[in-house]
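Novice: Got a structure here, written out as C-alpha cells. Questions coming.
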Ligand SMILES: Cc1ncc(COP(=O)(O)O)c(C=O)c1O
C-alpha cells in the first residue's frame, strides 16, 4: 500500500518550460527573468496595487517583515500562539521577545480579546508591542475586522502570516493583502510550491525595494562591495522561481481541488456528532482549505484522536498529524509571556490534520473513505 501523505507537491506541467528557459539563458542565480515574472504573476493575482518580493522562504519573509517594522533587540512582538514555529522564530533572531496570544474557537486564529489584553499589558509596562503577527491557520482567514480595528486603535502594524492561505479570502479581499506587511510560503507542502520559497507583500514600492536590498546582502551603490547595513542572502533562485511561474497557472485549480476535498470530508463526517470538521464561520470567510482538520468533541477527545491517528498510519498507511502545538507550550518558549486561556491547548489535544493535497487521486480518496468508515463504525 502506497503511503497517503498530508500534502504533497503537485506540478501543473508547465514548470519545466520555465526551468529550461533558465538553463538556456544561463540564469542560474538568485535573480533573473523567472524571479521577475513570478513576482508579476503573484502581484496580478493579489491585485490592489500590491508589490511582491520573492524570497528563499516564508521564514525569511517574516524576518525581513519584522525588520521593516523596525523591530530591534528587547522589543516585544505579539504572535499567535497556535502556529508553526517559523511564525515566531524570526522575532528571536532579532533579539526581540515574542508575546503569545491564544486562539478563538471559530477560526482557531488569534483571539481579539486576548490580543487586546496583551496590548494593554505591554503598554502598561512601557513595552508597547512593535507588531502583531496574525496567522491564517490551515488556510482559514483570521477575524480580520476585529484584529484590524485593534491594530488601528493602538497603532500597531499587522504582519499577516499568509503562508498557508494563498487563495483564501476575507469579505472578498485576498489573504496576503490584509496586513500592513504580508508573507507567503511556497514550501513543498503548500498550496503551490517553488520547492522552497516565500514572498513579502506590501502596498509600498519602497518597502519592496528595501526588502530586496536586505535580501541581497545590503550592497550599497558602489563599484566595490560596500555595506552600511547588515544584509541577508534571502532572494529566491531563478530556477525555483521557474517552478513558481508554472504553479501560478494552476493556483485557482489547486484551491478548488482542496475545497472539494473539504466537501468530501464533510460528507464523511456528516453523521459523526463527536467529530467536527473546521468550517467557515460565515460567508465572509473563504478558505483555501490548505488542510482539512477535525476535532473530537468528547471528554476523552485526546485518546480518541490518538487511536484514530495511530490506526490510520499503521493499518492503512495514511498520514495524519495533530494540530500545531501552541508556541507557549514549546520547551524553547517556556518562559515567554502568554495571554489567553486554554483554547489553543485544547484544540491541540483534540485535533487532527487530514490528507488534503490537491494531488490526491480518486483511488486514494476511496482508500481514505473506507479507512474512516471502518475506524468510525
Ligand atoms: C504558518 C506558517 N508560517 C510560516 C511558515 C514558514 O514558511 P517557510 O517554510 O517557507 O519558511 C510556514 C510553513 O512552513 C507556516 O505554515
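Novice: From the list 53, 60, 86, pick out the single residue that is more than 13 Å from the ligand (Cβ to nearest atom) and not in a loop (DSSP other than H, G, I, E, B).
Specialist: On the way: 60 fails: more than 13 Å from the ligand (Cβ to nearest atom); 86 fails: more than 13 Å from the ligand (Cβ to nearest atom).
From the options 53, 60, 86, the qualifying one is 53.
Novice: Right, residue 176: within 14 Å of the ligand (Cβ to nearest atom), assigned to a loop (DSSP other than H, G, I, E, B), touching a strand residue (DSSP E or B) at 6+ places or on another chain (Cβ under 7 Å) and in contact (Cβ under 8 Å) with a residue 40 or more places away in the chain or not?
Specialist: Values: within 14 Å of the ligand (Cβ to nearest atom): yes; assigned to a loop (DSSP other than H, G, I, E, B): yes; touching a strand residue (DSSP E or B) at 6+ places or on another chain (Cβ under 7 Å): yes; in contact (Cβ under 8 Å) with a residue 40 or more places away in the chain: yes.
Yes; evaluated as a whole, the condition is true for this residue.
Novice: Can you name the residue in region 192-203 that is near the ligand (Cβ under 8 Å from one of its atoms) and buried (at least 22 other Cβ atoms within 10 Å of the Cβ) and, of all such residues, is farthest from residue 285 (Cα to Cα)? Show your work before the answer.
Specialist: Initial filter on region 192-203 (near the ligand (Cβ under 8 Å from one of its atoms)): 196-198.
With the extra rule that they be buried (at least 22 other Cβ atoms within 10 Å of the Cβ), the set shrinks to 197-198.
Values: 197: 26, 198: 24 Å.
Here the answer is 197.
Novice: Exactly one condition in (1) part of a loop (DSSP other than H, G, I, E, B); (2) on the phi < 0 side of the Ramachandran plot; (3) within 21 Å of the chain's Cα centre (by Cα) is not met by residue 108; state its number.
Specialist: Every condition holds for residue 108 apart from (2).
Novice: When you go through 152, 107 one by one, which is the residue that is within 16 Å of the ligand (Cβ to nearest atom) and either closer than 26 Å to residue 285 by Cβ or in contact with a helix residue (DSSP H, G or I) (Cβ under 6 Å, 6 or more places away or on another chain) (or both)? Break it down into steps so the answer makes sense when it comes.
Specialist: Working: 152 fails: within 16 Å of the ligand (Cβ to nearest atom).
Of 152, 107, the one residue that is within 16 Å of the ligand (Cβ to nearest atom) and either closer than 26 Å to residue 285 by Cβ or in contact with a helix residue (DSSP H, G or I) (Cβ under 6 Å, 6 or more places away or on another chain) (or both) is 107.
Novice: Can you tell me which of 300, 288, 349 is free of Cβ contacts under 8 Å to residues at least 12 places away in the same chain and either surrounded by 14 or more Cβ atoms within 10 Å (Cβ to Cβ) or more than 26 Å from the chain's Cα centre (by Cα) (or both)? Give the steps one after another, and end with the answer.
Specialist: Numbers: 288 fails: free of Cβ contacts under 8 Å to residues at least 12 places away in the same chain; 349 fails: free of Cβ contacts under 8 Å to residues at least 12 places away in the same chain.
From the options 300, 288, 349, the qualifying one is 300.
Novice: Now, a different point. Among the numbered criteria (1) part of a loop (DSSP other than H, G, I, E, B); (2) more than 12 Å from the ligand (Cβ to nearest atom); (3) surrounded by fewer than 24 Cβ atoms within 10 Å (Cβ to Cβ), which single criterion is violated by residue 206?
Specialist: (1)
Novice: Now for a separate question. So if I check each of 45, 23, 38, which one is in contact with a helix residue (DSSP H, G or I) (Cβ under 9 Å, 6 or more places away or on another chain), modelled with pLDDT of 95 or more and within 16 Å of the ligand (Cβ to nearest atom)?
Specialist: Details: 45 fails: within 16 Å of the ligand (Cβ to nearest atom); 23 fails: within 16 Å of the ligand (Cβ to nearest atom).
Just a single option satisfies the conditions, and that option is 38.
Novice: Could you pull out the residue among 160, 164 that is without any contact (Cβ under 8 Å) to a residue 60 or more places away in the chain, within 11 Å of the ligand (Cβ to nearest atom) and surrounded by 23 or more Cβ atoms within 10 Å (Cβ to Cβ)?
Specialist: Numbers: 164 fails: without any contact (Cβ under 8 Å) to a residue 60 or more places away in the chain.
It is 160.
Novice: Can you pull out the residues in region 179-191 that are touching a helix residue (DSSP H, G or I) at 6+ places or on another chain (Cβ under 9 Å), in a loop (DSSP other than H, G, I, E, B) and within 12 Å of the ligand (Cβ to nearest atom)? Even if it seems obvious, please write down each step before you answer.
Specialist: Within region 179-191, the subset touching a helix residue (DSSP H, G or I) at 6+ places or on another chain (Cβ under 9 Å) is 179-187, 190-191.
Filter again for in a loop (DSSP other than H, G, I, E, B), leaving 179-180, 186-187, 190-191.
Of everything in region 179-191, those that are touching a helix residue (DSSP H, G or I) at 6+ places or on another chain (Cβ under 9 Å), in a loop (DSSP other than H, G, I, E, B) and within 12 Å of the ligand (Cβ to nearest atom) turn out to be 186, 187, 190, 191.
Novice: Taking the residues in region 134-146 that are in a helix (DSSP H, G or I) and within 25 Å of residue 356 (Cβ to Cβ) as candidates, determine which candidate is nearest to the ligand (Cβ to nearest atom). Outline the logic, then answer.
Specialist: Taking region 134-146 and keeping what is in a helix (DSSP H, G or I), we get 137-139, 144-146.
After this cut, where a residue has to be within 25 Å of residue 356 (Cβ to Cβ) as well, the list is 137-139, 144.
Values: 137: 7, 138: 9, 139: 10, 144: 16 Å.
Looking at residues that are in a helix (DSSP H, G or I) and within 25 Å of residue 356 (Cβ to Cβ), I get 137.
Novice: In the set 128, 120, which member is outside any helix (DSSP H, G or I), more than 22 Å from the chain's Cα centre (by Cα) and more than 16 Å from the ligand (Cβ to nearest atom)? Walk me through how you get there before you give the answer.
Specialist: Values: 120 fails: outside any helix (DSSP H, G or I).
Residue meeting the stated conditions: 128.
Novice: Looking at 70, 95, can you tell me which residue is surrounded by fewer than 21 Cβ atoms within 10 Å (Cβ to Cβ), away from the ligand (no atom under 16 Å from the Cβ) and free of Cβ contacts under 8 Å to residues at least 60 places away in the same chain?
Specialist: Numbers: 70 fails: free of Cβ contacts under 8 Å to residues at least 60 places away in the same chain.
From the options 70, 95, the qualifying one is 95.
Novice: Filter region 320-338 for residues that are crowded, with 17+ Cβ neighbours inside 10 Å and part of a loop (DSSP other than H, G, I, E, B) and give the result.
Specialist: 320, 323, 324, 325, 326, 336
Novice: Also, I was wondering about something else. Would a scan of region 15-38 turn up a residue that is under 21 Å from the mean Cα position of the chain (by Cα) and surrounded by fewer than 22 Cβ atoms within 10 Å (Cβ to Cβ)?
Specialist: Looking for residues that are under 21 Å from the mean Cα position of the chain (by Cα) and surrounded by fewer than 22 Cβ atoms within 10 Å (Cβ to Cβ), one finds none in region 15-38, hence no.
Novice: Residue 246: part of a loop (DSSP other than H, G, I, E, B) and closer than 27 Å to residue 62 by Cα, yes or no?
Specialist: Working: part of a loop (DSSP other than H, G, I, E, B): no; closer than 27 Å to residue 62 by Cα: yes.
Criteria not met by residue 246.
The values are calculated or read from the model by the stated rules, or taken from the named source; none is laboratory data. All of these numbers come straight from a predicted model, not from anything done at the bench. For neighbour counting, all protein chains shown are included, and Cβ atoms are generated from backbone atoms with ideal geometry for every residue, glycine included.
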